[in-house]
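> Have a look at this one.
The numbers here are math on the coordinates, done by the rules we state, and not lab data. Note that the structure is predicted; figures quoted are calculated from it, not measured. Using ideal geometry, Cβ is built from the backbone for each residue, glycine included, and neighbour counts are taken over all protein chains shown.
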Amino acid sequence: MIADAGGPLRIIGGGTRGLAAGSGEVLSTAGLSGVTLYEPGALTLIVQAGTPLAEVEAVLAAEGQRLAFEPMDYPGLMGTIGAPTIGGIVAANVSGPRRIAVGACRDFLLGVRFVDGMGRVLKNGGRVMKNVTGYDLSRLMAGSYGTLGVISEVSLKVLPIPRACLTLMLDGLDDVRAVAALSRALGSPYEVTGAAHLAAGAHRTLIRLEGFEASVHYRAERLQRLLAEFGDWWVEKDSPAWQDLCNVAPLHGGGDVWRVSARPTKGPMLVARVPGADAVYDWGGGLIWLRVPEGTDLRAALGPFDGHATLVRAGPGTRARLSMFHPVSQPIAAIEAGLRARFDPRGILNPGLMTPQTGAA
């Protein structure tokens, strides 16, 4: 289908991110569905790209395992329908709150099969993690948003579901104090797997611990002592707050949503530059989800900073005026253009989606 294409193609999985609008014929991976191979003892899963995420998670849960990078479900945030697919998760490198502890989606990729812009079927990696020379095509495809090739199959490392999960919670901290508390927790030896702050409402701060039950309770007690100066933390077992945080539930509804990556200690200062914004801090403050009034140019409001801002949700007019991705330096733009020329010389795969604006280094 790609080899015979006479013009641009818009690649979609479940269509949950709303990125398939625009010119070009839609090419869906939904027909590529099903688990090809699952070896629970080897912690290995090979699955077709169009398989719904919920189906993958159900197969793993039956064996007491999970996708440790905790992928989010976009329809609530984006106001779309459909179900996310594992290929779309990999193509966007979608990683949730646990990323700070275990790594991103790309870190769990063992291999990938895809079709490039010329219709060639390429495969990289396999069923075990190896370090090799040359292109690491699996990691290259993760986060490429279908602009270098259409993923048809992925091989993933999976991990066991922990025996216990406790969340330390505290209300009332301002953003600066909350990020300070999260930084201290993450800098401790107590193996934190989630560190977040919901700036709206009660200003709730959350710290997650997972593992064997005795270990989790011991670490929770030690963390409460370590963080006592910030207030009296209470503990909740198996809190549903992490699922809401993973799916950015506090920002569902109206307004534009941006995803900002920055140094945690600088996050509160950046949020303060946008009066009236609703903020959700994840990854200890290194990831900030911001809801702002429709049409706001957040990059202009923030000014220069050490990080980047990605436009996630906005109306057609704002998307036409503002690029989705942050401007990149000339050297990075040249590398990206070279990769596109190598894998999609005709420029037909999701054209314009990741075409960068260039800016200062």
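> Quick one: which residue in Arg291, Arg273 is closer than 25 Å to Ala92 by Cβ and among the basic types (Lys, Arg)? Full working, then the answer.
Working: Arg273 fails: closer than 25 Å to Ala92 by Cβ.
Step by step, each of Arg291, Arg273 is checked, and only Arg291 is closer than 25 Å to Ala92 by Cβ and among the basic types (Lys, Arg).
> Here is a follow-up. Can you name the residue in region 228-248 that is in a loop (DSSP other than H, G, I, E, B) and under 27 Å from the mean Cα position of the chain (by Cα) and is also farthest from Val176 (Cα to Cα) among such residues? Spell out the reasoning first.
Initially, region 228-248 is screened for residues in a loop (DSSP other than H, G, I, E, B), giving 231-233, 238-240, 247-248.
Okay, now just the ones that are also under 27 Å from the mean Cα position of the chain (by Cα), so 238-240, 247-248.
Details: Asp238: 27, Ser239: 24, Pro240: 25, Asn247: 24, Val248: 21 Å.
My answer is Asp238.
> May I ask you to say which residue of Val90, Val94 is closer than 18 Å to Thr310 by Cβ and in a loop (DSSP other than H, G, I, E, B)? Before the answer, list the steps.
Numbers: Val90 fails: in a loop (DSSP other than H, G, I, E, B).
Among Val90, Val94, only Val94 is closer than 18 Å to Thr310 by Cβ and in a loop (DSSP other than H, G, I, E, B).
> Another question, then. Being in contact with a Pro (Cβ under 7 Å, 6 or more places away or on another chain) and surrounded by fewer than 12 Cβ atoms within 10 Å (Cβ to Cβ) is the filter here, so list the residues in region 1-58 that pass it.
Ser23, the sole residue that qualifies.
> Hey, among the residues in region 308-334 that are polar (S, T, N, Q) and surrounded by 15 or more Cβ atoms within 10 Å (Cβ to Cβ), which one's farthest from Lys266 (Cα to Cα)?
First pass over region 308-334, keeping only residues polar (S, T, N, Q): 310, 318, 323, 329-330.
Of the ones still in play, those that are also surrounded by 15 or more Cβ atoms within 10 Å (Cβ to Cβ) are 310, 318, 323.
On the way: Thr310: 17, Thr318: 27, Ser323: 24 Å.
Ranking the qualifying residues of region 308-334, first place goes to Thr318.
> Suppose we filter Val47, Val59, Val26 for residues that are assigned to a strand (DSSP E or B) and out of contact with any helix residue (DSSP H, G or I) (no Cβ under 6 Å at 6 or more places or on another chain); which single one remains?
Details: Val47 fails: out of contact with any helix residue (DSSP H, G or I) (no Cβ under 6 Å at 6 or more places or on another chain); Val59 fails: assigned to a strand (DSSP E or B).
When all the criteria are applied, what remains is Val26.
> Taking only pairs six or more apart or across chains, which ones have beta-carbon atoms under 7 Å, a first residue in region 291-316 that is under 23 Å from Thr16 (Cβ atoms), and a second residue that is among the β-branched types (Val, Ile, Thr)?
From region 291-316, the pairs are Arg291/Val257; Val292/Val274; Glu294/Thr318; Leu298/Val274; Leu298/Val292; Ala309/Val260; Val312/Val257; Arg313/Val257.
> So which helices (runs of 4 or more DSSP H) stay within region 256-358 end to end and still have 1 or more residues that are within 21 Å of Arg98 (Cα to Cα)? It would help to see each step written out before you state the result.
On the way: elements: 267-272, 298-302, 316-321, 330-343.
Passing ranges, in order: 267-272.
> Please report, ordered by residue number, the strands (runs of 3 or more DSSP E) entirely within region 127-227 with at least 3 residues that are crowded, with 17+ Cβ neighbours inside 10 Å and either in contact with a His (Cβ under 7 Å, 6 or more places away or on another chain) or of a type in the set (S, T, N, Q) (or both).
On the way: elements: 149-157, 164-171, 192-198, 204-211.
Of the strands (runs of 3 or more DSSP E) lying wholly inside region 127-227, none has at least 3 residues that are crowded, with 17+ Cβ neighbours inside 10 Å and either in contact with a His (Cβ under 7 Å, 6 or more places away or on another chain) or of a type in the set (S, T, N, Q) (or both).
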